[in-house]
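Any read-out appearing in this document is the output of simple, stated calculations on the displayed coordinates, not a laboratory observation. The structure displayed is predicted, hence computed values, not measured ones. Every residue, glycine as well, gets a Cβ built from its backbone with ideal geometry; the counts of neighbours run over all protein chains shown.
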Amino acid sequence: MKCPYCAKIDNKVIDSRLSKDGRSIRRRRECLGCGRRFTTYEKLEDVLPMVVKKDGRREAFNREKITSGIRKACQKRPISVTRIEEFTDALEFHFQELGAREVDSSEVGERVINELRAWDEVAYVRFASVYRQFRDINEFMAELKGILKSRQEKGGED
């Protein structure tokens, strides 16, 4: 492992710990060149399906792309980074366990949008506005009316 400070490859492991979910190992290392310490994570390489986009293109399952989209939707909302990471872990695990070689992007998007709807209406609408690609304000308003109707049916505030 290359030292992020001096780029030397000689280092020693000081401490190793299993992560909470048991799927990765955290290692504290000390560079033998400069003496500084740094952390690395060792994770089993997952075999994830290719994501088939609406236009037929295929992309590798990209955890960072999903996490980034969720974080943008949740920006300045009362949703913790831990909650986002745990959901992304569960999403990644779900698609890994499916064992399918390919999955439609709509399946990934629907899982995300349904989770956001349960977490926070504002985050949901933010994500939906990009994911559903509203063409105009009328489509956006129709989505908002659906949220308000759902809230009234549940007996929530208006």
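Worth a mention:
- Rg followed by Dmax, in Å, when the chain is reduced to its Cα trace: 20.6, 65
- Beta bridge orientation in the chain: antiparallel %, DSSP, nearest 5: 85
- For the chain, calculated [θ]222 nm from helices alone, where every DSSP H run of n ≥ 4 adds -39500 (n - 2.57): -15000 deg cm²/dmol
- Between ARG58 and ALA7, the contour length at 0.36 nm per residue exceeds the alpha carbon distance by 14.8 nm.
- Restricting attention to the chain, the count of lysine pairs at 8 or more positions apart or across chains with alpha carbons under 15 Å apart stands at 4.
- Cβ-Cβ FRET estimate between GLN96 and ILE147, R0 fixed at 22 Å, reported to 0.05: 0.10
- Shown is the FRET efficiency for ASP89 and GLU139, computed with R0 = 30 Å from the Cβ-Cβ distance and rounded to the nearest 0.05: 0.40.
- Averaging 1/r across all pairs of distinct Cα atoms in region 99-157 and inverting the result yields a Kirkwood radius of 12.6 Å.
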